[in-house]
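Colleague: Structure provided below as structure tokens; questions to follow.
The values are calculated or read from the model by the stated rules, or taken from the named source; none is laboratory data. These figures come from a predicted structure and were not determined experimentally. Cβ: placed from backbone, ideal geometry, glycine included. Neighbour counts: every protein chain shown. Ligands, DNA and RNA are excluded from the accessible area calculation, which covers all protein heavy atoms including side chains. Shrake-Rupley method; radii C 1.70, N 1.55, O 1.52, S 1.80 Å.
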Amino acid sequence: MPSDNPSRPGPAAVLCGLAGWVPPRVVTNDDLATRLDTDDRWIRTRTGIRRRHIVEAGQATSDLAVEAGRRALRSSGSESADAVIVTTTTPDRPCPATAPVVATRLGLTGAAAFDVGAVCTGFVYGLATAAGLIATGVARRVLLIGADTYSTIVDPLDRTNAIIFGDGAGAVVLRAGEAGEPGAVGHFDLGSDGAHEDLITVAAGGSRQRSAGSEPTHAERHFAMRGKEVYRHAVTRMAASARTTLERAGRKIDEIDHFVPHQANLRILHSVADDLGLPRERCVAHLDAVGNTGAASIPLALADAVAQERIRPGDRLLLTAFGGGLTWGSCLMTSPSLTAQPQPERTRP
Ligand code: UT7
């Protein structure tokens with residue numbers, strides 16, 4: 001029987017805490033239709049989304065990250081961590097990183113703390129980074145938080161993007177353990193293709209625009225996505241990454257109990273599942289209730305499925321993500337015994 005975890009020099013990373021948090025304010029498709037030329041039916045049939053949660057004025061990504069992080073630590077049975085990773089496309093500010101202030105607000109001053117930027121693939125990149133910290137002995141317990149507030153970068157009058165994204169945070173705690181344990185994070189595939197950097201962008205605010213010295217336009221200050229092209233890349237890259245990961249682990253798709261993809265668009269998730277030959281019922285979909293929450297989407301979907309007791313201890317999970325960059329990645333793992341967190345109930349319609 002092949003192992004889900006490659007042989008490594010140090011300990012394996014084992015998931016031992018999980019939680020999600022979304023801001024209380026709900027925006028339904030009908031709410032959006034009052035200010036945009038759209039309707040509930042178009043949004044539901046094109047994306048699978050019914051509603052999303054949006055931050056209040058003044059609320060930032062770190063506020064959501066702290067809420068999710070606190071709950072994940074609690075669910076792990078210990079408030080401690082010696083590294084905190086925040087993965088986000090919407091940091092509180094361009095400088096400094098968001099992770100140090102999150103760590104301090106969680107009582108973890110002194111812990112290693114840094115951000116990982118891989119857009120919607122951030123959580124899978126963050127898992128690999130956390131596994132590396134644990135394998136090399138740099139950390140024994142890592143708090144990894146995917147948090148995004150896309151409502152702060154999407155133009156509220158851009159009907160194509162405003163309907164897709166929601167705000168939220170999801171967090172996991174990883175501890176040093178054994179490769180065979182339930183919860184062990186296993187084989188990975190990570191990749192990128194910068195030739196398509198212009199498919200998903202916020203053009204202004206970085207060194208490219210600032211060094212040019214020009215005032216950014218309204219469009220340059222907001223999130224832009226070439227949706228149709230992104231859609232095609234997402235289906236192809238996610239399916240390929242999932243396959244590569246399965247091959248590395250010596251596993252077949254029918255050994256996967258739950259496919260937990262980045263919650264981009266329900267049609268994308270179903271196309272990837274079909275391409276892999278995976279029954280759609282095994283695809284965890286949570287975006288109806290929260291939309292596409294960027295780096296938060298996989299841990300939020302996981303937390304929801306665990307809270308609904310859909311994912312059970314020992315189940316084999318395949319996580320796959322795709323995002324701007326372009327970036328993509330997958331991770332195989334087994335589910336540990338976790339305490340269901342109350343927050344995901346709030347995210348159900
Ligand atoms: O998380 C990172 C990765 N992101 C993704 O994976 C997103 C990938 N892309 C998508 O999910 C889809 O491309 C969208 C949901 C963004 C758009 O769906 P689509 O089926 O590709 O629509 P489209 O952009 O081709 O637009 C089709 C039509 C257009 O009208 P015409 O030109 O055919 O007359 C749009 O103007 O739908 C129109 N449209 C809308 N109509 C009502 C676009 N947005 C809306 C809207 N409501 N909100």
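Colleague: I'd like to check something: does the range 139-161 contain any residue that is on the phi > 0 side of the Ramachandran plot, of a type in the set (Gly, Ala, Ser) and either open to solvent by 20 Å² or more (accessible area, probe 1.4 Å) or out of contact with any Lys or Arg (no Cβ under 8 Å at 6 or more places or on another chain) (or both)? Explain how you work it out, then say what you get.
Modeller: First pass over the range 139-161, keeping only residues on the phi > 0 side of the Ramachandran plot: none.
No, the range 139-161 has no match at all.
Colleague: Evaluate the range 64-86: report whether one residue or more is within 16 Å of the ligand (Cβ to nearest atom) and surrounded by 22 or more Cβ atoms within 10 Å (Cβ to Cβ). Outline the logic, then answer.
Modeller: Looking only at the range 64-86, we keep the residues that are within 16 Å of the ligand (Cβ to nearest atom), and these are none.
No, the range 64-86 has no match at all.
Colleague: For the range 258-267, give me the residue count where each residue is within 15 Å of the ligand (Cβ to nearest atom) and open to solvent by 10 Å² or more (accessible area, probe 1.4 Å).
Modeller: Count: 4.
Colleague: Need a quick list: helices (runs of 4 or more DSSP H) entirely within the range 1-99 having at least 2 residues that are under 30 Å from Val138 (Cβ atoms) and modelled with pLDDT of 95 or more. Full working, then the answer.
Modeller: On the way: elements: 29-33, 40-47, 61-76.
Because the criterion is at least 2 residues that are under 30 Å from Val138 (Cβ atoms) and modelled with pLDDT of 95 or more, the helices (runs of 4 or more DSSP H) in the range 1-99 that meet it are 61-76.
Colleague: Okay, moving on. Out of (1) in the same structural domain as Gly122 (by TED's automatic domain parsing); (2) of a type in the set (S, T, N, Q); (3) in contact with a Phe, Trp or Tyr (Cβ under 8 Å, 6 or more places away or on another chain), the odd one out for Thr160 is which?
Modeller: (3)
Colleague: The conditions are (1) assigned to a loop (DSSP other than H, G, I, E, B); (2) under 23 Å from Gly323 (Cα atoms); (3) not polar (S, T, N, Q), and Ala179 fails exactly one of them. Which is it?
Modeller: Tallying (1) assigned to a loop (DSSP other than H, G, I, E, B); (2) under 23 Å from Gly323 (Cα atoms); (3) not polar (S, T, N, Q), Ala179 fails exactly one: (2).
Colleague: Let me ask something additional. Out of Ala97, Ala131, which single residue is aliphatic (A, V, I, L, M) and either under 24 Å from Leu266 (Cβ atoms) or in contact (Cβ under 8 Å) with a residue 24 or more places away in the chain (or both)?
Modeller: Details: Ala97 fails: either under 24 Å from Leu266 (Cβ atoms) or in contact (Cβ under 8 Å) with a residue 24 or more places away in the chain (or both).
Just one listed residue meets the conditions, Ala131.
Colleague: Of the conditions (1) closer than 15 Å to Val101 by Cβ; (2) within 16 Å of the ligand (Cβ to nearest atom), Asp37 satisfies every one except a single condition; which number is it?
Modeller: For Asp37, the failing item is (1).
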